[in-house]
Amino acid sequence: MSDIRPLPHVLNIKPYVPGGKLAGAKGRVAMLASNENPFGPSPKAIDAMREAASSVHVYPDPGYGALREAIAAATGIADPNRIAVSSGSDEIIHLLTQCYAGPGDEILQTEHAFSMYAVSAMSHGATCISVPETDLTAGANAILGGVSERTKILFLANPNNPTGTMMSVEALTALQDALPPHVLFVIDGAYAEYVSPEYEAAIRDLVDRRSNTVMMRTFSKIHGLAAARLGWAYLPQGVSEVFQRIRGPFNVNGLAVAAGIASIGDTDFLTKSREHNTLWRGKLIEALDAMGLPTPQSHANFVIPDFGSAERAAAANEWLKARDILVRAVGGYGLPTRLRISVGSAEDNEAVLAALKDFTASH
Ligand SMILES: Cc1ncc(COP(=O)(O)O)c(C=O)c1O
């Protein structure tokens, strides 16, 4: 009898490093490492989860009809049957990869892509190919240059995490037109709400233009429901049918269902969250630039100032930790000279700016 042995491609995966907690914090920690909503969840979502709590002994509706209809109504999607819901959008990434890519196949992404695309490719034995970005931004030519006969999925977060940059709708449309039909084009809209409602509608419409385009979304960011683990995707009919074959029948828990329905209808909360983000994202970029920390335009709910060297970025990270401020090191994303700072509450944004002002004066 031989020992149990994991598949070799699984052992090649480096475990995900989460934004995490701050060990040894002295007081309240400014949590600016995981792009969460500083307002928390919508009060309506909290009430809905409280009410749903007394029914958790009953399995959720495996078709998730009410949730899919609420998402369709809020986003102008005509056919709720082509919406799939998931336990976080990470699950969508994994399930799509499981459906479409295996050993010998390639997953395509750009240089500074969200880490779960590569993890998912590797965990299914597929190869992850990364193509270069220009000025931290994905571009159609480089992406098309990376497409081969073996490419099964192109994952593109737009806006992207951790760069915050995005391709325009025109550029996405041109890319979609040029992409061979054997490639599933997955537009990850985790941060789409921070751009504009018009942009959200534009990526929805891209799904309707082709049978190979998917839009992924999450309730973890602007909806403030990261711990509820709720994501969704708008799929072409054919992809939807394939996806439903492998989705677990109860892959979304009942509390998340209740929260999602309440949150997606709370347009006041979503507008307040977007406006706060736009205001503070601009203030953070301006202030960081003024400190000599060049910060590119971001379209998401975080910014990535450049400290000029990996050593200085690491020193700034330690400086912030010592002041109970948690931001994200992004060396693992190929950006060792930068830190990713989420847009937080006014108080936390002011705290991180004040701390970095002191840091730059002395380092
Ligand atoms: C681009 C992108 N896609 C997907 C996710 C996954 O989000 P969740 O699984 O919480 O829905 C994240 C989370 O940070 C992200 O940044």
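Key figures for this structure:
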| item | result |
| --- | --- |
| Any hit, the stretch 6-29, residues being outside the structural domain of VAL186 (by TED's automatic domain parsing), in contact with an Asp or Glu (Cβ under 8 Å, 6 or more places away or on another chain), among the small types (Gly, Ala, Ser) and more than 16 Å from the ligand (Cβ to nearest atom) | yes |
| Odd one out for GLY24 among (1) assigned to a strand (DSSP E or B); (2) surrounded by fewer than 20 Cβ atoms within 10 Å (Cβ to Cβ) | (1) |
| All positions within the stretch 151-166 that are of a type in the set (A, V, I, L, M, F, W, C) and touching a helix residue (DSSP H, G or I) at 6+ places or on another chain (Cβ under 7 Å) | ILE153, LEU154, PHE155 |
| Candidate set from the stretch 82-112 (those that are open to solvent by 50 Å² or more (accessible area, probe 1.4 Å) and more than 16 Å from the ligand (Cβ to nearest atom)); member that is nearest to LYS221 (Cα to Cα) | TYR100 |
| Residue list for the stretch 31-81, restricted to those being within 16 Å of the ligand (Cβ to nearest atom) and open to solvent by 50 Å² or more (accessible area, probe 1.4 Å) | MET31, GLU36, PRO38 |
| Residue identified as at positive phi and in contact with a Pro (Cβ under 7 Å, 6 or more places away or on another chain) among GLY224, GLY292, GLY254 | GLY224 |
| Qualifying residue in the stretch 266-280 (condition: within 13 Å of the ligand (Cβ to nearest atom), touching a residue at least 60 places away in the same chain (Cβ under 8 Å) and either surrounded by fewer than 21 Cβ atoms within 10 Å (Cβ to Cβ) or assigned to a helix (DSSP H, G or I) (or both)) | no |
| Residues (assigned to a strand (DSSP E or B) and not basic (Lys, Arg)) located in the stretch 148-174 | THR151, ILE153, LEU154, PHE155, LEU156, ALA157 |
| Residue match in the stretch 135-147 (condition: assigned to a helix (DSSP H, G or I) and within 19 Å of GLY231 (Cβ to Cβ)) | no |
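The values are calculated or read from the model by the stated rules, or taken from the named source; none is laboratory data. The structure presented is a predicted model; accordingly, all values stated were derived computationally and were not measured. Note that each Cβ is placed from the backbone with ideal geometry, even for glycine, and that neighbours are counted across all protein chains shown. When the accessible area is computed, the model is the full protein with side chains, heavy atoms only, and any ligands, DNA or RNA have been set aside. Shrake-Rupley method; radii C 1.70, N 1.55, O 1.52, S 1.80 Å.
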